[in-house]
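Right, one structure below, let's go through it.
The values are calculated or read from the model by the stated rules, or taken from the named source; none is laboratory data. Being a predicted model, the structure only gives us computed values, none of them experimental. Using ideal geometry, Cβ is built from the backbone for each residue, glycine included, and neighbour counts are taken over all protein chains shown.
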Amino acid sequence: MSLKFTIEERVRWGDVDAARIIFYGAYIRFFEFAETELFRAVGLPYSVMFDELDIWLPRAHLECDFRRAAQLDDLLEVSVYVGRFGTKSLRLNFEVRRKGVDELVAEAHFILVAVRRDTFDSVPVPEELKSRLAPYIVMSDE
């Protein structure tokens with residue numbers, strides 16, 4: 001069974017513009033929170049993963065579609081899951097909804113590339129990372 005890892009995040013004053021609608025850049029922070037907590041949940045918080053696996057995971061690509069406007073004080077559910085593993089990269093997919101509502105507020109994906117910490121040369125995604133994230137692989141039609 002495939003899972004989506006979900007956190008809750010409230011839209012705060014610093015996340016909105018003068019019209020009290022969420023500023024697009026705030027979503028990136030929410031995605032980062034969800035990604036960080038996913039890795040922590042599978043036993044690979046960044047402090048452990050980077051030291052033990054000797055890699056960094058810089059973003060090579062980010063894409064986001066905004067479907068509905070989130071507003072000040074909305075409680076959002078930010079879900080993250082693995083869309084696919086490549087040889088040297090992985091795709092993380094994100095979905096944002098208001099808590100308790102099925103309708104998407106936003107959806108996005110990041111491409112993360114595995115690189116050696118000392119040289120920044122790309123390397124294969126470590127098997128340990130793949131196995132820990134395996135429950136959170138949700139294949140899409142793309």
>> Can you list residue pairs whose Cβ atoms sit under 8 Å apart, with the first residue in region 51-65 being farther than 14 Å from V113 by Cα and the second being of a type in the set (D, E)? Count only pairs 6 or more apart in sequence or on different chains.
In response: E52/E128; C64/E107; D65/E107
>> If I ask for residues that are touching a Ser or Thr at 6+ places or on another chain (Cβ under 8 Å) and without any contact (Cβ under 8 Å) to a residue 40 or more places away in the chain, which ones from region 68-88 would you list?
In response: K88
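Rundown of residues vs (1) closer than 16 Å to Y136 by Cα; (2) at pLDDT 95 or above; (3) part of a helix (DSSP H, G or I); (4) not aliphatic (A, V, I, L, M), yes/no style:
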position: A18; (1), (2), (3), (4): no, no, no, no
position: F30; (1), (2), (3), (4): no, yes, yes, yes
position: H61; (1), (2), (3), (4): no, yes, no, yes
position: V82; (1), (2), (3), (4): yes, yes, no, no
position: R91; (1), (2), (3), (4): yes, yes, no, yes
position: H109; (1), (2), (3), (4): yes, yes, no, yes
position: P124; (1), (2), (3), (4): no, yes, no, yes
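If we keep just the residues of region 31-75 that are of a type in the set (K, R) and more than 22 Å from D121 (Cβ to Cβ), which is surrounded by the fewest Cβ atoms within 10 Å (Cβ to Cβ)?
First pass over region 31-75, keeping only residues of a type in the set (K, R): 40, 59, 67-68.
Remaining after also requiring more than 22 Å from D121 (Cβ to Cβ): 40, 67-68.
Details: R40: 15, R67: 13, R68: 15.
Out of the qualifying residues, it is R67.
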> Could you list, in sequence order, the residues of region 86-106 that are loosely packed, with under 13 Cβ neighbours inside 10 Å and acidic (D, E)?
Replying inline: D102, E103
>> Considering only residues that are touching a strand residue (DSSP E or B) at 6+ places or on another chain (Cβ under 9 Å), at pLDDT 95 or above, over 16 Å from E95 (Cβ atoms) and not in a loop (DSSP other than H, G, I, E, B), which ones fall in region 37-52?
In response: A41
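Among the listed residues R117, R97, identify the single one that is more than 30 Å from W13 (Cα to Cα), touching a strand residue (DSSP E or B) at 6+ places or on another chain (Cβ under 8 Å) and either modelled with pLDDT of 95 or more or not small (G, A, S) (or both). Working first, answer last.
Numbers: R97 fails: more than 30 Å from W13 (Cα to Cα).
Residue meeting the stated conditions: R117.
Of all residues in region 63-78, count the ones that are assigned to a strand (DSSP E or B) and at positive phi. Lay out the reasoning, then the answer.
Within region 63-78, the subset assigned to a strand (DSSP E or B) is 63-66, 71, 75-78.
Still in the list and also at positive phi: none.
Residues meeting the conditions: 0.
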